[in-house]
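Every number here is computed from the coordinates shown, using simple stated rules; none is lab data. All of these numbers come straight from a predicted model, not from anything done at the bench. Glycine also receives a Cβ, built like all others from the backbone with ideal geometry; neighbour counts cover every protein chain displayed.
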Amino acid sequence: MIDEAALVAKMLEYAPREAEITRIEYEGPSIAIYSRNPAILLQHGYLVTELATKLKKRVIIRAEASERIDPEEAKIEINKILQPNYEAKKLFFDKASGEVHVYVEPYPSQKELTELSLKIVAETKWFPVFKRYSPPLSRTVDFVYNVLSVLHVERKRFLTSLGNRIFREALNPSKDIRIRVLGGADEVGRSAFLVETSETSLLVDFGLKPGVAKRTEAFPRVDLEFLDLEELDGVIITHAHLDHCGLVPYLFKYGYRGPVYVTEPTLPLMVLLQLDLIEVTEKNGGVPPYSVADVRKMISHTITLKYGQVTGISPDVKLTFYNAGHVLGSAIAHLHITEGVHNIVFTGDFKYAPTLLLDMAYDKFTRAETVIMESTYGAPTDIMPPRRAVEELLIDTINSVVQNGGKVLIPVPAVGRAQEILAILDRSIRESKLSEIPIYVDGMIDESSSIHLQFANYLSSKIRSLINQGINPFRSEQFVIVKNSSQREEAIREGPCVIISTSGMMEGGPVIEYFRNLANDSRNMLLFVSYQVSGTLGRRILDGAKNILLPSAEGKMESISVNCKVFKIEGFSGHSDFNQLLAFVKKIQRLIKNLYLVHGESEKIMSLSQSIRKTVHVNARPLKLLQTVYLA
Ligand code: ZN
């Protein structure tokens with residue numbers, strides 16, 4: 001418990017009386033100072049900074065709910081304040097926190113933002129969070145807003161109780177720190193690690209394994225008695241790919257009611273994937289592992305963090321996310337345990353090189369005694385060609401197929417790779433390097449692109465500057481966003497074109513429909529630009545299968561002959577290649593005591609650990625499913 005009285009007394013000593021501080025309360029991982037006149041406290045920002053430093057905790061200012069003006073009136077008031085230079089195109093009032101998200105056009109300078117914020121707080125008692133208005137706005141973000149709005153009372157209660165839990169007195173000094181592998185060690189899929197100190201229990205990632213039907217092999221091993229959902233202090237999700245976040249709502253289905261920590265863009269992206277998983281499973285006649293209601297519960301328990309924001313999440317653990325360069329919002333999770341006695345770095349999936357879409361993964365750690373590193377491309381032969389050459393190969397390949405009258409079908413995951421490919425095509429169009437053919441974009445890609453636009457501050461500076469100039473690289477004029485079946489038929493019927501569609505491993509989605517119609521014609525090409533997990537349809541075709549059984553539109557199985565060209569372009573991966581993995585270890589080598597290799601096929605992990613021992617002289621070890629390691 002905070003000694004509220006003492007703190008308030010201290011604040012009142014310094015704070016102007018007009019601020020009328022009423023109480024101090026926990027709000028999730030932050031300490032909220034409530035005031036009847038919060039603008040005064042904003043003007044004296046140093047007070048808050050001082051208090052935060054003294055307490056070593058995050059301190060935020062809040063207005064008493066009773067002081068906030070009605071959202072409808074606040075809307076009018078905010079627009080009055082913004083005019084004539086700016087306009088609020090969309091507003092979301094978060095009643096649980098007292099913040100208002102303001103989508104503003106044009107986007108003000110930093111100095112103006114500070115001034116506008118102060119005015120808005122003074123007039124309305126709502127705290128503005130400004131966002132750049134870049135249409136089309138995402139439906140999924142709206143879904144998240146809707147859940148937060150409907151469940152605001154529960155959310156408020158949750159934030160207070162979470163604060164009490166995080167700031168509880170530590171009863172057990174953290175002597176032992178251990179990591180248990182629940183999935184994703186010597187395999188790609190179902191990533192899940194349980195990190196425990198004597199005080200705290202945390203899950204890092206909770207994904208599923210694509211291409212596997214049996215639950216004991218597709219789900220993390222939570223069938224074992226040692227995962228107590230009541231005892232869990234938090235679930236940390238590194239990024240929005242189903243093999244890392246796909247089963248988080250499943251925890252809520254079985255009664256978990258604690259926090260989920262993600263970066264800001266990861267929340268809508270993972271919701272998009274989870275809702276799609278439910279839909280696709282039902283469409284295929286299966287039973288989804290959780291319902292939309294479980295996804296909603298997850299949303300109301302999610303805490304979003306920015307990169308670099310150090311956050312206490314239990315009495316002895318601080319969490320910080322850093323850019324992982326893998327997909328939008330992807331994070332390397334850094335756990336700082338018991339005042340830094342031990343620090344664990346989970347790389348998640350990461351790219352230690354820049355891509356068109358994202359900056360390269362962060363590497364400026366000062367403490368990292370234990371590192372858990374992904375090894376997807378761990379074999380010495382897993383070396384990717386230079387990015388520019390790969391991009392040119394893509395354009396040359398497309399041009400040559402369409403010049404011969406063919407169509408190019410590119411299956412892509414909706415999150416990340418799709419936007420990277422779209423941005424490359426958009427640039428080639430602007431540079432007049434790509435044939436003038438229609439490019440059809442189907443599946444969830446466009447919705448995922450909208451989320452990318454909405455969180456453009458997480459993208460590379462190149463892409464950000466395009467967006468700031470009003471260019472939407474995910475919606476070039478040559479792109480046709482497929483919205484109905486007649487557009488889909490047009491893409492199949494008409495002349496040469498490019499079709500970009502989900503799912504990336506051909507496990508479902510509109511790509512199947514296209515493939516069924518295009519596979520027979522030898523002028524066409526099925527072009528892979530992403531990793532194909534073994535067991536998936538994409539992998540079978542890539543490995544040379546010539547006859548494929550697929551359900552027809554009427555649901556009957558029919559045999560499809562693969563006469564089209566099948567080609568894979570290596571090098572677009574959002575994962576680090578062999579050299580980049582070594583370079584990352586080398587960069588932080590002096591900090592590492594324990595290096596564990598996960599998220600890779602066994603042989604790749606073995607060869608990577610040998611290479612690391614030989615060239616970087618770090619004792620790299622594999623982890624196995626259900627293994628527990630004690631860290632020292
Ligand atoms: Zn990933």
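Compute, for the chain, the length of the dipole vector about the Cα centre, with Cβ point charges of +1 (Lys, Arg) and -1 (Asp, Glu) only. Units Debye, rounded to 20.
It comes to approximately 960 debye.
Mind putting a number on the dipole of region 74-149 about its Cα centre? Charges go on the C-beta only, +1 for Lys and Arg and -1 for Asp and Glu, and I need it in Debye to the nearest 20.
100
What ranking do 593-603, 198-208 get when scored by the average of other Cβ atoms within 10 Å per residue, highest first?
By packing density, highest mean first, the sequence is 198-208, 593-603.
In terms of Cα to Cα distance under 26 Å, which lysines are near enough to Lys89, apart from those fewer than 8 places away along the same chain?
Lys89 reaches Lys75, Lys80, Lys111, Lys119, Lys125, Lys131, Lys306, Lys462, Lys483.
Using the 2.2 N^0.38 Å rule of thumb for compact globular proteins, work out how region 387-568 stacks up: its C-alpha Rg over that value, please.
Cα Rg divided by the expected 2.2 N^0.38 Å: 1.01.
How large is the Rg to Rh ratio of region 468-578 when both quantities use alpha carbon positions and Rh follows Kirkwood?
0.99
Between the alpha-carbon centers of region 121-199 and region 237-313, tell me the distance in whole angstrom.
For region 121-199 versus region 237-313, the Cα centre distance is 10 Å.
How far apart, in nm, are the 7 Å Cα→Cβ label points at Lys624 and Glu558?
Taking the simple label geometry, Lys624 and Glu558 are separated by 4.9 nm.
Assuming R0 = 35 Å, what is the FRET efficiency of His101 and Asp363, from their Cβ-Cβ distance, to the nearest 0.05?
Computed FRET efficiency for His101 and Asp363 comes out at 0.60.
Taking 0.36 nm per residue of sequence separation and subtracting the Cα-Cα distance, how much length would be gained by fully extending the chain between Arg523 and Thr160, in nm to one decimal?
124.5 nm
Using a cut-off of 16 Å between alpha-carbon atoms, which lysines can reach Lys54, once sequence neighbours fewer than 8 places away in the same chain are excluded?
Lys10
Report the FRET efficiency, 1/(1 + (r/R0)^6), for Val287 and Thr114, where r is their Cβ-Cβ distance and R0 is 51 Å, rounded to 0.05.
E between Val287 and Thr114, to the nearest 0.05, is 0.50.
Compute the FRET efficiency between Asp396 and Glu603 as 1/(1 + (r/R0)^6), taking r as their Cβ-Cβ distance and R0 = 51 Å, and round to the nearest 0.05.
My answer for the efficiency is 0.95.
Starting from the Cα of Thr216, step 7 Å along the direction of its Cβ; do the same at Tyr14; then give the gap between the two resulting points in nm.
6.0
At 7 Å along Cα-to-Cβ for each site, give me the label-to-label distance between Val153 and Ala6 in nm.
3.6
Along the positive direction of the dipole of region 74-149 (beta-carbon charges: Lys, Arg +1; Asp, Glu -1; about the Cα centre), which of Leu137, Thr124, Ala74 reaches farthest?
The residue sitting most towards the positive pole is Leu137.
Using the per-residue mean of other Cβ atoms lying within 10 Å as a proxy for protection, in what order, highest first, do the peptides 572-584, 91-103, 237-249 fall?
237-249, 572-584, 91-103
Could you sort the peptides 367-377, 211-221 by per-residue average Cβ neighbour count (10 Å cutoff), highest mean leading?
In descending order of packing, they fall as 367-377, 211-221.
Using a cut-off of 20 Å between alpha-carbon atoms, which aspartates and glutamates can reach Lys433, once sequence neighbours fewer than 8 places away in the same chain are excluded?
Glu391, Glu392, Asp396, Glu420, Glu477
Sort Met506, Met270, Met557 so the one with the fewest other Cβ atoms within 10 Å of its own Cβ comes first.
With the fewest neighbours first, Met506, Met270, Met557 line up as Met557, Met506, Met270.
How large is the dipole of region 4-66 about the Cα centre if only Lys and Arg carry +1 and Asp and Glu carry -1, each at its Cβ, rounded to the nearest 20 debye?
200
With the cut-off at 40 Å, report for the chain the share of all Cα pairs above it, as a whole percent.
Of the Cα pairs, 31 percent sit more than 40 Å apart.
Note the full-extension length gain between Ser461 and His44 as 0.36 nm times their separation in residues minus their Cα-Cα distance, in nm to one decimal.
146.8 nm
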